[in-house]
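Here the structure is laid out as structure tokens; the discussion comes afterwards.
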Amino acid sequence: MDLVIRNATLADGRRHVDIAIDGATIAAVGPQLAARGAREIDAGGDLVSTPLVDAHFHMDATLSYGLPRVNQSGTLLEGIALWGELKPQLAQEALIERALQYCDWAVARGLLAIRTHVDVCDQRLLAVEALLEVKRRVAPYLDLQLVAFPQDGLLRSAGAFDNLKRAIAMGVDVVGGIPHFERTMAQGAESVRLLCEYAAEQGLMVDMHCDESDDPLSRHIETLAAETLRLGLQGRVTGSHLTSMHSMDNYYVSKLLPLIAESGVAAIANPLINITLQGRHDTYPKRRGMTRVPELLAAGVPVAFGHDCVMDPWYGMGSGDMLEVAHMGLHVAQMTSQAGMRQCFEAVTSTPARILGLQGYGIEPGCNADLVLFDAGDPVEAIRLRAARRLVLRRGQIVSEAPPARATLHLPGRPGTVDFRLGRSLD
């Protein structure tokens with residue numbers, strides 16, 4: 001074998017597992033494999049996982065914080081206004097460089113697949129061209145999936161539908177939308193119908209910003225699920241954000257959840273951004289802002305988490321760490337049971353991988369040798385510590401490595417080193 005990783009713990013709870021890698025592919029997985037590797041790595045009982053996956057991001061805006069000015073209020077509406085000011089000033093090469101820098105951050109964090117929405121309401125489609133070039137450049141080490149996103153509204157923005165079709169013809173992968181940003185509820189529903197019919201005709205997936213609002217009457221997810229059933233798009237459609245569900249009454253949700261589950265529509269919550277931008281009109285009690293993640297999961301709906309924004313007009317924080325996203329989602333959704341915490345890890349790994357349709361994702365013979373070795377003993381500890389990524393492998397090659405997190409203490413009578421892991425002495 002080219003590489004054998006010894007004594008790994010897997011996310012499903014298996015321990016003392018060896019992983020043999022032949023070229024770009026996993027050849028064998030099991031305890032005490034007889035195979036020998038040209039290189040062998042001792043995981044030391046630490047977690048080896050499939051890569052982190054971000055199901056919802058905006059790479060065309062990332063790392064543009066402060067351009068053309070800082071969002072002083074930190075609100076969604078000022079962020080949208082800022083993006084409108086920035087778009088005419090966008091330069092393609094600068095956009096490419098910011099996106100490539102973010103992809104560097106992603107790889108260092110063990111994030112090897114990203115679905116990013118790209119604004120198509122600029123007639124130049126400058127951002128589309130830029131991110132298609134970024135996708136080409138990063139393909140050897142990161143899967144980048146692009147969504148044609150009519151940021152200013154499919155019907156509200158002149159030429160947006162034609163631009164979306166042009167973007168798809170250029171190589172963009174997924175049909176996007178934003179029905180709650182249309183001028184009326186009826187126009188929002190009409191945009192959902194038009195976009196789903198177009199996706200059905202073209203054989204494409206759909207990922208729609210849906211009901212990113214505190215308004216309990218913003219119910220475009222209902223229309224999205226119904227159109228998915230009508231057009232036979234089951235398994236190909238995703239509703240992102242769905243934050244109006246945090247304001248809906250329980251009776252209506254009791255009808256909505258089975259409809260979403262029956263339609264096969266997946267859901268993506270964006271914990272960092274949802275709780276930051278929603279609930280801004282509330283004094284107290286103040287709504288949490290994130291959609292009903294535990295209830296969606298209990299109904300059988302696949303739920304993934306997205307980072308959404310990093311240092312852009314909407315959000316001045318972030319570093320590309322999907323464990324930070326899982327950490328916030330765990331707290332906001334009160335998913336502190338053992339099963340719930342592991343579901344939060346799945347929401348940034350295996351679940352978004354299925355939603356994106358990633359091929360060869362997993363830790364089984366025949367899967368791609370894309371792996372992350374965490375400085376943690378299991379998924380819960382990885383989230384708790386936002387653990388260092390000791391090694392990141394892409395197709396069997398190490399693409400990033402980092403030292404374990406350690407601190408040196410100068411305290412009489414106490415250990416000289418601490419690593420924040422319970423019950424483990426380093427001395």
*Can you tell me the dipole magnitude for the chain around its Cα centre, using point charges on the Cβ only (Lys, Arg +1; Asp, Glu -1), in Debye to the nearest 20?*
640 debye
*Provide 228, 417 ordered by accessible surface of protein heavy atoms (probe 1.4 Å), highest first.*
417, 228
*Which residues in the stretch 1-19 place their backbone N less than 14 Å from a point set 7 Å from the Cα of residue 364 along the Cα-to-Cβ direction?*
12
_Please list, in order, the residues from the stretch 319-360 whose amide nitrogen is less than 13 Å from a point placed 7 Å along the Cα→Cβ vector of residue 25._
360
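So, for the stretch 126-211, what is the accessible surface per residue at a probe of 1.4 Å, expressed in square angstrom?
Here the residues of the stretch 126-211 average 36 Å² of exposed surface.
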*Taking 0.36 nm per residue of separation and subtracting the Cα-Cα distance, what length does fully extending residue 284 through residue 406 add?*
39.8 nm
*Shape call, the chain: gyration tensor on alpha carbons, a/c limit 1.5*: prolate
*Can you bin the stretch 314-371 into rounded, prolate or oblate? Criterion: square roots of the alpha carbon gyration tensor eigenvalues sorted a ≥ b ≥ c, rounded for a/c under 1.5, prolate for a/b above b/c, oblate for the rest.*
oblate
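Let me know the shape class of the stretch 243-373, please: from the alpha-carbon gyration tensor, a ≥ b ≥ c as square roots of the eigenvalues, rounded when a/c is under 1.5, otherwise prolate if a/b is greater than b/c, or oblate.
oblate
Multiply the residue separation of residue 91 and residue 36 by 0.36 nm, subtract the distance between their alpha-carbon atoms, and state the gained length in nm to one decimal.
Between residue 91 and residue 36, full extension yields 14.7 nm more.
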*Take the cross-link list 255/286; 135/165; 87/135; 165/255 and give me the ones stretching past 29 Å between alpha-carbons.*
165/255
_Radius 10 Å from Cβ of residue 237, net charge of other residues (Lys, Arg +1; Asp, Glu -1)_ = -1
*In debye, nearest 20, what is the charge dipole magnitude of the stretch 1-121 about its Cα centre with +1 on Lys and Arg Cβ and -1 on Asp and Glu Cβ, if you could check?*
220 debye
*Between residue 193 and residue 336, what length in nm is gained on full extension when 0.36 nm per residue of separation is reduced by their alpha carbon distance?*
47.7 nm
*Taking the alpha-carbon centroid of each part, what is the distance from the stretch 355-379 to the stretch 141-190 in angstrom?*
31 Å
_Selection from 274, 213, 194 lying farthest towards where the dipole of the stretch 183-277 points positive, charges on Cβ_ = 194
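Which net charge results when you count Lys and Arg as +1 and Asp and Glu as -1 among the other residues whose beta-carbon is under 11 Å from that of residue 272?
-3
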*Any chance you could check the Cα centroid distance between the stretch 86-110 and the stretch 269-327 for me, in angstrom?*
22 Å
*List, in order, the whole-Hz ³J(HN,Hα) value for each residue of the stretch 156-168 obtained from phi through the Karplus relation with A = 6.51, B = -1.76, C = 1.60 and θ = phi - 60°; use x for Gly and Pro.*
6, 9, 4, x, 5, 5, 4, 4, 4, 5, 4, 4, 4
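The values are calculated or read from the model by the stated rules, or taken from the named source; none is laboratory data. All values reported here derive from a predicted model rather than from experimental measurement. Please note: Cβ atoms are built from the backbone with ideal geometry, for glycine as well, and neighbour counts cover all protein chains shown. The protein model used for the area step is the full one, side chains on, heavy atoms only, and it has no ligands, DNA or RNA in it. Shrake-Rupley method; radii C 1.70, N 1.55, O 1.52, S 1.80 Å.
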